[in-house]
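Notes for the one structure printed next.
The values are calculated or read from the model by the stated rules, or taken from the named source; none is laboratory data. Everything quoted here is computed from the prediction, not taken from an experiment. Don't worry about glycine lacking a Cβ; one is built from the backbone with ideal geometry, like all the others, and counts go over all protein chains shown.
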Amino acid sequence: MNLYQLTIYQLQKMLRSGEVTSVEVTKAIYKRINEIEKDIHAYISLTNEMALEQAEEADKRIKKRGDTLPLLGIPLAIKDVICIKGVKTTCGSKILSNFIPPYDATVIKRLRANGAIFLGKTNMDEFAMGSSTETSYFGITQNPWGLEHVPGGSSGGSAAALAADECIGALGSDTGGSIRQPASYCGVVGMKPTYGRVSRFGLVAFASSLDQIGPMTKDVTDTAILMNVISGKDPLDSTSLDVNLPDFTTALRNDVKGLRIGIPMEYFVEGVDHEVECSVREGIRLLERLGASSHEVSLPHTDYAISTYYILASAEASSNLARYDGVKYGYRTDDSKDIMYMYKMTREEGFGAEVKRRIMLGTYVLSSGYYDAYYLKAQKVRTLIKKDFDKVFKECDVLIVPNAPTPPFKIGEKIDNPLQMYLSDIFTIPANLGGIPAISIPCGFSKDGLPVGMQIMGRHLDEETIIRTAYTFEQNTDYHLQKPKNLSCKDLGEI
Ligand code: GLN
């Protein structure tokens, strides 16, 4: 075992007992990054100097005062859509390639207050629009399990960094699957919390009624630890919920006796890869052997989820991205003969093709004459999708489904076919539309050795049951312990 392979929980114990220092671990991770980043490209920028200063500070606190903050001295990777004061936050876009936020996102403030260290900012699809991390202005990220495959997206950098042991834990953001889908493609754990559980202040907005920040980790225990730190009401985000905060680590129980699992028939249909379906069904059978029961349920409006999402998310994006005009933030064209022309050329040069596609689609569905037919109708269908969930959660405690219809696809395979790309989110989007929490955990491998993920969805604000189910599954399997074999793995910082 190398230092960079540790989980948050393992490292927490070793730091407290004095077995290792935060500086040693942080250095070991940067060495690891140096060695394999040329193959993976998980990061857009690294913050070595800041991280080592934070690590030194953490070591002093541990030594002097025996501090036991949950993340004291733990190095994390942050998706480049979340603002860290004084650190470039690009959102994977040319238009923000020089943007340095003058403030911390609320989640960053909370991580800081709990002692975390920031290693750098991870790669992502431009403005979180994509499912493969191929639309980043800063180049593609490769899947550590198969370098010719995508890591998923849009939080592909965070997922790849975890799988390649280039960080101990990470944050991602999920608007339509961007935490869960890359987590499943890279064989790690990723959770989208209930909408409103985590503050969005300082998260660069894509589609504000859907966006949520969430943990991406090497196991379920670490997800619970990060959830404890990042959750909670924030006066700076009026959509954050003022509700009781459980201690999510108390849900880490190896026990699913009496748990009722719903299996929505609309998620096991033609087009779902056979190996994916088998792994997920095998996972459900394991939980049954451990005391859960399962029955088939129906979410009849699932078929409309993709079209509903692409209308609503694009409409919100077209409005949110109106602020990038070359005046207030980031990139400005050199070609500015008058102000209108300057706006136009800045956006023309600053945004990539996928972002432009979304802005045009969003502007179209909001325009007069089309608003009622598209945007308003989509809002109504969103309510129907939410009602489907309300109904099934009366008769079951969790829903278990595949995360994505196929194992990771090849780089370049879908980039020229937006519809195919959008279809890879078919199973993750409904949870965003319904505002409910969902997790992806590793549940198998394809015959080519690529990871397969199982998605567990739960009731509004019931992350605990999801965590308990996921933890029980993890305790009785070893998928989460496997590591990509093709990566060079010299002995660095050996324990
Ligand atoms: N892949 C989806 C999209 O392109 C979801 C992205 C996300 O969750 N940020 O919109």
Task: Filter result for LEU450 (of a type outside the set (Lys, Arg), modelled with pLDDT of 95 or more and either within 12 Å of the ligand (Cβ to nearest atom) or under 21 Å from ILE263 (Cβ atoms) (or both)) - done: no
Task: Looking only at segment 430-444, and only at residues there that are in a strand (DSSP E or B) and aliphatic (A, V, I, L, M), the one that is farthest from SER178 (Cα to Cα) - done: ILE441
Open item on the list: What are the pairs with Cβ atoms under 7 angstrom where one residue, in segment 422-445, is among the charged types (D, E, K, R) and the other, located anywhere, is within 11 Å of the ligand (Cβ to nearest atom) and outside any helix (DSSP H, G or I)? Sequence gap at least six, or different chains.
Closed with: ASP425/SER131; ASP425/GLY176; ASP425/GLY177
- [ ] Please verify whether segment 8-17 includes one or more residues that are of a type in the set (Gly, Ala, Ser) and at pLDDT below 95.
- [x] yes
Task: SER231 touching a strand residue (DSSP E or B) at 6+ places or on another chain (Cβ under 9 Å), among the hydroxyl-bearing types (Ser, Thr, Tyr) and surrounded by fewer than 22 Cβ atoms within 10 Å (Cβ to Cβ) - done: no
Task: Members of segment 51-100 that are within 18 Å of GLY130 (Cα to Cα) and part of a helix (DSSP H, G or I) - done: LYS94, ILE95, LEU96
TODO: Taking the options THR194, THR221, name whichever one is farther than 23 Å from ALA317 by Cβ and either within 16 Å of the ligand (Cβ to nearest atom) or in contact with a Ser or Thr (Cβ under 9 Å, 6 or more places away or on another chain) (or both).
DONE: THR221
Task: Matching entry among SER231, SER208, SER178 (being of a type outside the set (D, E, K, R), out of contact with any Gly (no Cβ under 8 Å at 6 or more places or on another chain) and within 16 Å of the ligand (Cβ to nearest atom)) - done: SER208
Open item on the list: Quick test of your reading of the structure: ASP325 fulfils all but one of (1) of a type outside the set (Phe, Trp, Tyr); (2) free of Cβ contacts under 8 Å to residues at least 40 places away in the same chain; (3) within 21 Å of THR428 (Cα to Cα). Name the failing condition by number.
Closed with: (3)
Open item on the list: One residue is enough: does segment 159-166 have a residue meeting the conditions within 15 Å of the ligand (Cβ to nearest atom), in contact with a strand residue (DSSP E or B) (Cβ under 9 Å, 6 or more places away or on another chain) and not hydroxyl-bearing (Ser, Thr, Tyr)?
Closed with: yes
Open item on the list: Out of everything in segment 32-50 that is part of a helix (DSSP H, G or I) and of a type outside the set (A, V, I, L, M, F, W, C), what residue ends up being surrounded by the most Cβ atoms within 10 Å (Cβ to Cβ)?
Closed with: ARG32
Open item on the list: Could you go through segment 190-209 and let me know if any residue there is touching a residue at least 24 places away in the same chain (Cβ under 8 Å), buried (at least 22 other Cβ atoms within 10 Å of the Cβ) and touching a His at 6+ places or on another chain (Cβ under 7 Å).
Closed with: yes
Open item on the list: Being within 15 Å of the ligand (Cβ to nearest atom) and assigned to a loop (DSSP other than H, G, I, E, B): is that true of TYR185 here?
Closed with: no
Task: Residues satisfying the stated conditions in segment 110-147, i.e. in a loop (DSSP other than H, G, I, E, B), aromatic (Phe, Trp, Tyr) and more than 16 Å from the ligand (Cβ to nearest atom) - done: PHE138, TRP145
Task: Filtered residue count, segment 396-429, keeping only those that are aromatic (Phe, Trp, Tyr) and either more than 12 Å from the ligand (Cβ to nearest atom) or not in a loop (DSSP other than H, G, I, E, B) (or both) - done: 2
TODO: Within segment 205-217, work out how many residues are more than 13 Å from the chain's Cα centre (by Cα) and within 21 Å of ALA160 (Cα to Cα).
DONE: 0
TODO: Inspect segment 137-160 for any residue being surrounded by fewer than 24 Cβ atoms within 10 Å (Cβ to Cβ) and of a type in the set (Asp, Glu) and give the result as yes or no.
DONE: yes
TODO: Return yes when GLY435 is at pLDDT 95 or above, more than 16 Å from the ligand (Cβ to nearest atom), of a type in the set (Gly, Ala, Ser) and over 28 Å from LYS344 (Cα atoms) and no when it is not.
DONE: no
- [ ] State which residue is nearest to TYR137 (Cα to Cα) when the search covers only segment 334-368 and only residues that are touching a residue at least 40 places away in the same chain (Cβ under 8 Å), away from the ligand (no atom under 16 Å from the Cβ) and not charged (D, E, K, R).
- [x] GLY350
